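A short write-up of the structure that comes next.
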Ligand code: UDP
């Protein structure tokens, strides 16, 4: 394949073709699962997209199909270091971070650094360029919640020294820093609290429930349900998530907004659905529940419905089929 997009390494001088008529959007973590879907979406909306990633958990395969598009550029860069981009930047979507429990437990310092130093650098760039800034935050801000479902005005129940704190507290700090840049520097900011999201381009080995269960079911292996499987989650298909994020960016809402699917189920039920869909004979085995694993999780999306006119559309059964097709293609 001939790669015609601009591929830069850290510290290279970044020069992008000037076309001030196009909106230019920088997506950090753009080679990741969610980031790469955002790249696709913003390209389809006619933006010039600069995808920045250090490829720690991101994957070039997720964006390979965009190489050759003249409105797309990839920059290999660690956003915990100073970010330099030549020319105008209209929007910055800060999605760089390990995001699955397995990844952030394996990469605790990098996770803390990208949530803190990386958010600082990305906000600094937003200030320099007068860009809108959108922070990818998370339902992990609510920790192991004592209120259910979780609405944006719940402050959460986070263990500040537990193993998950590297992600939870980094994102809580990132939210605080984003609000400080908004209040003190007048930056136009948005915060999306992302609940469990699934779709093609998840990594089969990222340790999350869906890829793990699907990989196990496809191989006929035991399905490893943690705890007794009574903990609940609510799964949102990636296309719905990306649409919600786009609407939030184009709104004027500065305070956090939950985006997720309120269809809640236990993890045991979820495992059963995945096994059924795969037509597998795998049986469920129970393993220890990870420390501080939230017992319940369901977004209250009243605010997103009201101010963004958004709600998820894709049924779980349909979304799961698309992921299965993707994983089958990957492992074929
Ligand atoms: N889980 C599980 N088996 C696995 C992986 C995950 O039972 O092999 C459970 C996990 O303990 C959690 C839920 O599935 O209760 C969702 O986990 P995931 O890692 O997808 O994301 P989380 O919502 O915990 O961030």
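Counting the residues of region 42-57 that are surrounded by fewer than 19 Cβ atoms within 10 Å (Cβ to Cβ) and part of a loop (DSSP other than H, G, I, E, B) gives 4.
Residue count for region 71-90 under the criterion of being within 21 Å of residue 44 (Cβ to Cβ) and without any contact (Cβ under 8 Å) to a residue 60 or more places away in the chain: the result is 1. Listed conditions (1) more than 16 Å from the ligand (Cβ to nearest atom); (2) assigned to a strand (DSSP E or B) are all met by residue 184, apart from (2).
Conditions: (1) modelled with pLDDT of 95 or more; (2) surrounded by fewer than 17 Cβ atoms within 10 Å (Cβ to Cβ). Residue 21 meets all but one. Number of the miss? All conditions are met except number (1).
Within region 99-120, the set of residues being farther than 22 Å from residue 236 by Cα and in contact with a strand residue (DSSP E or B) (Cβ under 9 Å, 6 or more places away or on another chain) comprises 114, 118, 119.
Take region 58-75 and flag every residue that is more than 21 Å from residue 86 (Cβ to Cβ) and surrounded by 17 or more Cβ atoms within 10 Å (Cβ to Cβ).
Of region 58-75, the ones more than 21 Å from residue 86 (Cβ to Cβ) are 58-62, 64-65, 68.
Of everything in region 58-75, those that are more than 21 Å from residue 86 (Cβ to Cβ) and surrounded by 17 or more Cβ atoms within 10 Å (Cβ to Cβ) turn out to be 58, 62.
Any residue that is surrounded by 17 or more Cβ atoms within 10 Å (Cβ to Cβ), in contact (Cβ under 8 Å) with a residue 12 or more places away in the chain and within 13 Å of the ligand (Cβ to nearest atom) - is there at least one of those in region 168-177? Yes, there is a match, as at least one residue in region 168-177 is surrounded by 17 or more Cβ atoms within 10 Å (Cβ to Cβ), in contact (Cβ under 8 Å) with a residue 12 or more places away in the chain and within 13 Å of the ligand (Cβ to nearest atom).
Check whether at least one residue in region 286-296 is at pLDDT 95 or above and under 28 Å from residue 41 (Cα atoms), and report yes or no. The answer is no; no qualifying residue exists. So is residue 111 within 16 Å of the ligand (Cβ to nearest atom), free of Cβ contacts under 8 Å to residues at least 60 places away in the same chain and assigned to a helix (DSSP H, G or I) or not? When the stated conditions are applied, residue 111 passes them. In the set 93, 117, only one residue is in contact with a helix residue (DSSP H, G or I) (Cβ under 8 Å, 6 or more places away or on another chain) and touching a residue at least 12 places away in the same chain (Cβ under 8 Å); that residue is 93.
Just one of (1) more than 22 Å from the chain's Cα centre (by Cα); (2) within 13 Å of the ligand (Cβ to nearest atom); (3) surrounded by fewer than 19 Cβ atoms within 10 Å (Cβ to Cβ); (4) not in a strand (DSSP E or B) fails for residue 224. It is (4). A single entry from 122, 136 fulfils the requirement of being buried (at least 24 other Cβ atoms within 10 Å of the Cβ) and within 16 Å of the ligand (Cβ to nearest atom): 136.
Examine region 138-147 for a residue that is touching a residue at least 60 places away in the same chain (Cβ under 8 Å) and on the phi > 0 side of the Ramachandran plot, and state whether such a residue exists. Within region 138-147, one or more residues are touching a residue at least 60 places away in the same chain (Cβ under 8 Å) and on the phi > 0 side of the Ramachandran plot.
The values are calculated or read from the model by the stated rules, or taken from the named source; none is laboratory data. In this text, all values refer to a predicted model and were calculated from it rather than measured experimentally. Glycine gets a Cβ as well: all are built from the backbone with ideal geometry, and neighbour counts include every protein chain shown.
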